[in-house]
1. Quick one: would you say A:Glu95 is acidic (Asp, Glu), out of contact with any Pro (no Cβ under 9 Å at 6 or more places or on another chain) and over 25 Å from A:Leu225 (Cβ atoms)?
2. Can you name the residue in region A:288-318 that is away from chain B (no Cβ under 14 Å) and touching a residue at least 60 places away in the same chain (Cβ under 8 Å) and is also surrounded by the fewest Cβ atoms within 10 Å (Cβ to Cβ) among such residues?
3. Taking helices (runs of 4 or more DSSP H) that do not extend beyond region B:81-182, which have at least 1 residues that are more than 9 Å from chain A (Cβ to nearest Cβ) and closer than 23 Å to A:Tyr429 by Cα?
4. What do you reckon, is A:Thr281 at pLDDT 85 or above, on the phi < 0 side of the Ramachandran plot and among the polar types (S, T, N, Q)?
5. Those residues that are in contact with a helix residue (DSSP H, G or I) (Cβ under 9 Å, 6 or more places away or on another chain) and not in a loop (DSSP other than H, G, I, E, B), I need them from region A:109-130; list them, please.
6. Scan region A:233-245 for residues that are surrounded by fewer than 18 Cβ atoms within 10 Å (Cβ to Cβ) and over 30 Å from A:Gln303 (Cα atoms) and jot them down.
7. Are any residues in region A:156-193 surrounded by fewer than 20 Cβ atoms within 10 Å (Cβ to Cβ), away from chain B (no Cβ under 14 Å) and either in contact with an Asp or Glu (Cβ under 8 Å, 6 or more places away or on another chain) or closer than 22 Å to A:Ser221 by Cα (or both), and if so, which ones?
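The values are calculated or read from the model by the stated rules, or taken from the named source; none is laboratory data. Here the structure is a predicted model, which means the values were calculated and not measured. Positions of Cβ are backbone-derived with ideal geometry, glycine not excepted, and every protein chain shown enters the neighbour counts.
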Amino acid sequence: MDGGAAVAGMGRAAVVVLLFCLLVVLPPHCAGQTNLKSPQDIQVYVVNTNFTLRWSYTGNDTNVTFSAEYRWFEDETDETEWKELHGCQNVTLTECDFSSAITKYYDTHHVRIRAERREEVSPWSSIFEMIPYFIAQIGPPGVQLQSTNGVIKIKVSPPEANQVRKMWLADTLFKYTLVIWENSSNAEFRNRSIFPTDVIDDLAPDTTYCLKVRAILTSESQEGLFSPINCVKTTHKVSDLLCATNVSVLALDMKFHLHWNNQYKQHVSYNVQYLTGYLKTFPDKRSVNWLSVPGCENITNTQCNFSSIITSSGCYYLRVQAMSEYNRSCLSDEIEVNPLVTNEIGPPDVKVDISDLLLHIQISPPGGSESEFMRDYYDWSYRVLYWKNSSNNEEEIKMKEIKQTIGTVSDLTPSTLYCLKVQAFSKFYNKSSHFSKEECIKTPGDKILPLIILATFVTALVAVLLLAMPLIFALYQAYNKIKYVFFPSCQPPLNIEGFGGQLLSSPYVSTTEEPIENCCIIETIITEEVNQIDFKDYKHSKQSSRDSGNYSNNDDASGSKVSEEMLEKEIV
Amino acid sequence: MNAFGLIQIGLILLCITTISSLQCNHLPLQQRKVIEKSLQLLDKMGKKFPQQCLREKMSFRFPEQVLKPRQKETVKVAIEEIFHHIFYIFSKNLTLASWDGTALEQFQNGLYQQIEQLEACVIKKQTHYFWNKDVNRLKLKKYFQKIDCFLKDKQHNLCSWEISRAEMRRCLQLIDKVIRKL
């Protein structure tokens, strides 16, 4: 009976052991079914290179620790394995600093975190993706103040000064904004931008002011965090008569002169110093590298020619150090000189030439011998103003813009005096030079009109000649004919000379018998008359015509006369 | 404030932006001159590339797609960024390079002036926003970080400076080419 009880007892024990074993073995497998929730609302805050991970945990947080993992992508697709995130292992708070783990600020990172309690672990949280550079904030800058002589001298150090690893590489490009206010009720907040080393001078003396500074990177459109508020009291303002006042710049082309005033009664010598513009942005000791302007050291007159230091298009800062005999010195206010903006431009040089009705203009850019520098930066265009110079002063002034140094003006009237002046201007800098001297030139008279007149005259002459020639010829011919008819020039032959006296008795008279042969009876009566007439005719012919050929004509003529007389006689 | 006052203010703002943007229209031409001058000064700064530095030459692989003009405005902002970085690189410790200090000063001053002018010009806020989140921008930053690390590793010795100078020269020449097309 006892053996059976023992066996039963053993069986029960085995079951208990088995159950116990099961209880021991099973839990690890059922880890996922624990009550541990995974953390949520993961956030990463980055200030400069300080990375802070924050999350929220809604579960039962007794004895719960958190551990995080991360991985990053080398080249967008190349991902690394999940690694432990240093600084965020077994933390009890709901935030941790993992700055030491992140070095690649431009690569995509993934972060995840889970809760742990002894052996229990929660599932991983959702992945938080980030590119450190894009979520980083600019930290506060360092500020040093010094209150002297009614002003506050401020020295700002950049947010990541003296750090080996920097998020913001181009720290020389930080700009700083200052917010300043009086430490009283109803104080006005004033904003202004300042250099790393600057002076705030528009302040009331013996007053406490509070200020804070932030860094700005315009390329990132980012404004950094403010520095802690710093309060300081301004001192009495003591105006030192030794200091140079009213420092100003007068510049023509590339010749720069600094002028200032002096109110000190005793002997003062001056030392003009300059600083190349970009150095002002350097926050370290290089910014105090003021150099003396050559030729303006230990001078006594209140002006300085500093053209020699202007070698680039960027800006420069100048200040005057006044030194008294007792080794006391005072620095004047600084003045900023932007060479291409502050100067006045002298007139360009103009040469004019005329040919026909085209006015040729040749321009030398302003600046004379130094014009190379100016021409490089200004990219001159030219305005030519021209007008007719007549007694009537209401002549319209015309304008022509040209880009090159050679131009022509063409819409001109002849025989007029034109005057012009030229101005150079730069579109980008929005600057115009002085006008050049007026140059006047007269356009030549119209050469065409006399030519036209000449041509017309010649044409007319030719036309007239062409018309006149045949006419004259015809007249000449007519004249000849008339002369031949009425004034024959034929001469009777020699043997007929002296014909007139012997005519009656001459047997040759019978030649006239030809007409006689026609009318016999009448002829006898008429012959005498005819003979008389013939005589007359002969005489006439002797006198005038020489052509014997005309004789027959005359015969005919006389014949006709005879017939007339015959007719008369017959009628009678 | 009544509507009329608002209109007045609006008109004034329009005026200011028009005036300032008018000048900015001529900026590319101005930029070309500055870049030409900068290239001249870069050459003037030092002598010919030393032979002994050839073996230390490294390929930095400038991300040229940054300057491929998809959008004119993006390229302009990219150029501004490149100027920033070049200015930063040349403001480091240059004593071992033993270059012509005057030429270097002129180079830096001219570059800084150019950066100021670019910032003063009215660049659309939207372009800045898109550029700020642009992937190519990160590539550009990595490129300059590589050069920065290279200089640090070599402790700013002569060869590292000469290699960097040659690289910056290449950068400026690329920008010059792109600006001419703008």
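1. Numbers: acidic (Asp, Glu): yes; out of contact with any Pro (no Cβ under 9 Å at 6 or more places or on another chain): yes; over 25 Å from A:Leu225 (Cβ atoms): no.
Here the answer is no, as A:Glu95 does not meet what is asked.
2. Just the residues of region A:288-318 that are away from chain B (no Cβ under 14 Å), to begin with: A:288, A:292-293, A:295-307, A:318.
Within this subset, residues satisfying the condition of being touching a residue at least 60 places away in the same chain (Cβ under 8 Å) are A:288, A:318.
Details: A:Val288: 10, A:Leu318: 25.
Only one residue fits best here, namely A:Val288.
3. Details: elements: B:101-120, B:125-132, B:135-153, B:158-181.
The qualifying helices (runs of 4 or more DSSP H) are B:101-120, B:158-181.
4. Numbers: at pLDDT 85 or above: no; on the phi < 0 side of the Ramachandran plot: yes; among the polar types (S, T, N, Q): yes.
It is false that A:Thr281 is at pLDDT 85 or above, on the phi < 0 side of the Ramachandran plot and among the polar types (S, T, N, Q).
5. Scanning region A:109-130 gives A:His109, A:Glu120, A:Val121.
6. A:Lys233, A:Thr235, A:His236
7. A:Ser157, A:Ala161, A:Thr177, A:Val179, A:Trp181, A:Glu182, A:Glu188, A:Arg190, A:Asn191, A:Arg192
Yes/no matrix, rows are residues, columns are (1) closer than 30 Å to B:Ile35 by Cβ; (2) under 24 Å from the mean Cα position of the chain (by Cα); (3) within 14 Å of chain B (Cβ to nearest Cβ):
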site	(1), (2), (3)
A:Val384	no, yes, no
A:Trp387	no, no, no
A:Thr408	no, yes, no
A:Leu412	no, no, no
A:Tyr429	yes, yes, yes
A:Ser433	yes, yes, no
A:Ile453	no, no, no
A:Phe457	no, no, no
A:Leu471	no, no, no
